[in-house]
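See below for the structure under consideration.
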Amino acid sequence: MASVGYTEDDLKATGMEFVELSAWIIPNASRDEIAGWDDGSLKVKTSAPLEPEKANKAVCLILSKHLGPTNRSIAVAQGKASQSKRPLQVAS
């Protein structure tokens with residue numbers, strides 16, 4: 001498994017239902033927080049730098065804290081090296 005949670009293929013292979021969520025990441029912020037919605041994407045501020053593993057792991061942890069599932073049920077499916085992400089949340 002990837003260090004940031006499951007991969008998109010892992011989630012699909014479980015047969016569990018999940019929802020897709022677009023996110024725009026604001027790296028190097030003063031604190032980790034969800035900053036609202038902008039143009040259909042959830043804005044997520046993270047103190048982590050925009051380095052693939054660091055920012056992705058931080059985004060999964062922030063989302064899991066606010067949305068409820070553990071960070072292993074969230075995967076970054078697209079945009080692993082950019083500010084635009086599409087994490088997946090497994091429905092419980």
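Of all residues in the range 23-36, those being part of a strand (DSSP E or B) and exposed (fewer than 12 other Cβ atoms within 10 Å of the Cβ) number 1.
Suppose the filter is modelled with pLDDT under 85 and either surrounded by 15 or more Cβ atoms within 10 Å (Cβ to Cβ) or among the charged types (D, E, K, R) (or both); does Glu51 pass it?
Spelling it out, Glu51 is indeed modelled with pLDDT under 85 and either surrounded by 15 or more Cβ atoms within 10 Å (Cβ to Cβ) or among the charged types (D, E, K, R) (or both).
Selection of the range 54-68 for residues being surrounded by fewer than 19 Cβ atoms within 10 Å (Cβ to Cβ) and touching a strand residue (DSSP E or B) at 6+ places or on another chain (Cβ under 8 Å) yields Ser64, His66, Leu67. Residues that are under 12 Å from Gln83 (Cβ atoms) and in a strand (DSSP E or B) within the range 39-53 comprise Ser41, Lys43, Val44, Lys45, listed in sequence order.
The values are calculated or read from the model by the stated rules, or taken from the named source; none is laboratory data. As the structure is a computational prediction, the values presented were derived from the model and not from experiment. Glycine gets a Cβ as well: all are built from the backbone with ideal geometry, and neighbour counts include every protein chain shown.
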